[in-house]
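What follows draws every value from the coordinates through simple rules; no lab data is involved. These figures come from a predicted structure and were not determined experimentally. Here the Cβ is made from the backbone with ideal geometry for all residues, glycine too, and neighbour counts use every protein chain on show.
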Amino acid sequence: MPGGGFAPAKAGGVEFEAKITPIVILSCIMAATGGLMFGYDVGISAMPDFLEKFFPEVYGKTQDPHLNSNYCKYDNQNLQMFTSSLYLAGLVATFFASWTTRNLGRKPTMLIAGFFFLVGVVINAAAQDLAMLIIGRVLLGCGVGFANQAVPLFLSEIAPTRIRGGLNILFQLNVTIGILFANLVNYGTAKIKGGWGWRLSLGLAGFPALLLTAGALLVLETPNSLIERGRLDEGKTVLRKIRGTDNIEPEFLELVEASRVAKEVKHPFRNLLKRRNWPQLAITIALQIFQQFTGINAIMFYAPVLFDTVGFGSDASLYSAVIIGAVNVLSTCVSIYSVDKIGRRMLLLEAGVQMFFSQVVIAIILGIKVTDISNDLHRGFAVLVVVMVCTFVSAFAWSWGPLGWLIPSETFPLETRSAGQSVTVCVNLIFTFVMAQSFLSMLCTLKFGIFLFFSSWVFIMSIFVVFLLPETKNIPIEEMTERVWKKHWFWKRFMDDNEEVAATGTIGDHSPKKGHSNGLDPASQL
């Protein structure tokens, strides 16, 4: 990561000067702790004492050797509802979060997320029955909705263009760390005698929740948000501070112009449906659906069974958590390093080949060697399957995991950015909810075929990337229209100049002085 200033070239010939300042790095690290909380919630799994208290039917299946199916022992609608309630609550919360993000700012929205996380953690840790447990889970879901709305926007807006991708992926890196942390905590607390270990496991989620809350208190509000809310002087001061230079006038003028155009849009959600916003909207929706249909849930859930077949026995869950979690974290670091160098498309396409191959190999081996209620997998085949699991996880971690969030956060113009992020979070949580609610039943029905099901989706999404996903690396957010959408072979047909003039209610050149192009008004380019 370069340490000096840099200045990416702009369409209008003007360059934005910026340094990678300590305050930017610190702010992004603190904001990205929202991913740590999300990852911890995702990584919490059922322990025997937990299942016995809240899901006795599932507990009975896990203890009965005659019902201990490799594919069906956790198939229970109540357990799936407990898992998916977090995503359903997040789905509802994201609509409120869109309003707070736009009207109150990114920082207050992160604080609200921290509050929901803390209250949810307390209720979950003290839960006496399933209803109380689900209430706590719903509050955690509200925190997820607010955090996933604000954090990616914050990271995209505060980061200099050249390293925007890498800093934004800090959110996903913290998600992977949170999952690893949760799995290790679960393994340790499961050994506590007396049946209260699960309370400690749920209660320790308060640690990342406190980090997020403290981070939200310490970070600066983004200049984009301050300017959008009319606080121009404060926005200019923050911009100068985070860029580490006094030469911020070109970027400031572009942000002011983008804010002016944004304020003329009275109904951002309705504006999303305008023809000129169809490309961003279509790609955002597609990426969220594809991310959930990569099959990451199948791989992560089935990993302990695979490790058990290798011979790790009772320690299979620990080895699974450590090995898969470490691969997840390290591969996300690869994405941070490479995303702004080789680009988003290349990572997605390479990962598509890698994920497709690994899933097909896993399906073939399991289909031939493993039945529903017995493990007949030769150690050599088992090792190969574990290698394929790690191959899949690494590909997902440097591609669809982080880029599913990064690309939507950097493609919408300011006037629809909060609404666009709401759609991103909403669609992601809808399909995460669908997968969480149906995955265990699908696993029980399709068995090893579930890996073939997901590999087919990986093939489809890779074709989508080849033809319909443009490259967005090193392009300022406010210039996506001019430098990306208007030049794409397919999406350029939706960039209707007349519609944009009608939407803003003005005619003529909207670009700031000094020949600076804002990249928002196509009429200014005529």
Fill in the blank from the handout: Pairs over 18 Å Cα to Cα, from Lys53/Lys193; Lys107/Lys341; Lys236/Lys341; Lys274/Lys486; Lys19/Lys236, come to Lys107/Lys341; Lys236/Lys341
Practice task
May I ask you to evaluate 6.51 cos²θ - 1.76 cosθ + 1.60, the Karplus curve with θ = phi - 60°, for each residue of the range 159-171 and list the ³J(HN,Hα) values in order in whole Hz, giving x for glycine and proline?
Solution key: 7, x, 3, 5, 10, 4, x, x, 5, 5, 6, 4, 4
Exercise for the section: Take the Cα of Glu57, step 7 Å along the line toward its Cβ, and report every residue of the range 433-463 whose backbone nitrogen sits under 14 Å from that point. Expected result: 441
Practice task
Tell me the label-point distance for the pair Thr445, Ala282, using the 7 Å Cα-to-Cβ offset, in nm and rounded to one decimal.
Solution key: 3.1 nm
Handout entry: Net charge of neighbours whose Cβ lies under 15 Å from the Cβ of Val219, counting Lys and Arg as +1 and Asp and Glu as -1
Key = 0
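Can you tell me which of 152-158, 434-440 comes out highest on packing, and rank the rest after it, using the mean Cβ neighbours within 10 Å? Write down the numbers at each step before the final one.
Numbers: 152-158: 27.4, 434-440: 18.7.
Order by mean packing, descending: 152-158, 434-440.
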Exercise for the section: Extending each Cα 7 Å along its Cβ direction at Phe207 and Leu349, get the distance between those two points in nm, one decimal. Expected result: 4.2 nm
Completion exercise
With R₀ set to 45 angstrom, the calculated FRET efficiency between the beta-carbons of Leu218 and Lys487, to the nearest 0.05, is 0.70
Fill in the blank from the handout: The answer for GluC sites (Glu not before Pro) in the range 348-451 that fall in a DSSP coil and have at most 14 neighbouring Cβ atoms within 10 Å is none
Handout entry: Whole-angstrom gap from the range 92-161 to the range 197-228, using each part's C-alpha centre
Key = 9 Å
Handout entry: Qualifying trypsin sites (Lys or Arg not before Pro) for the range 164-198 [loop in DSSP, other Cβ within 10 Å: at most 16]
Key = Lys191, Lys193
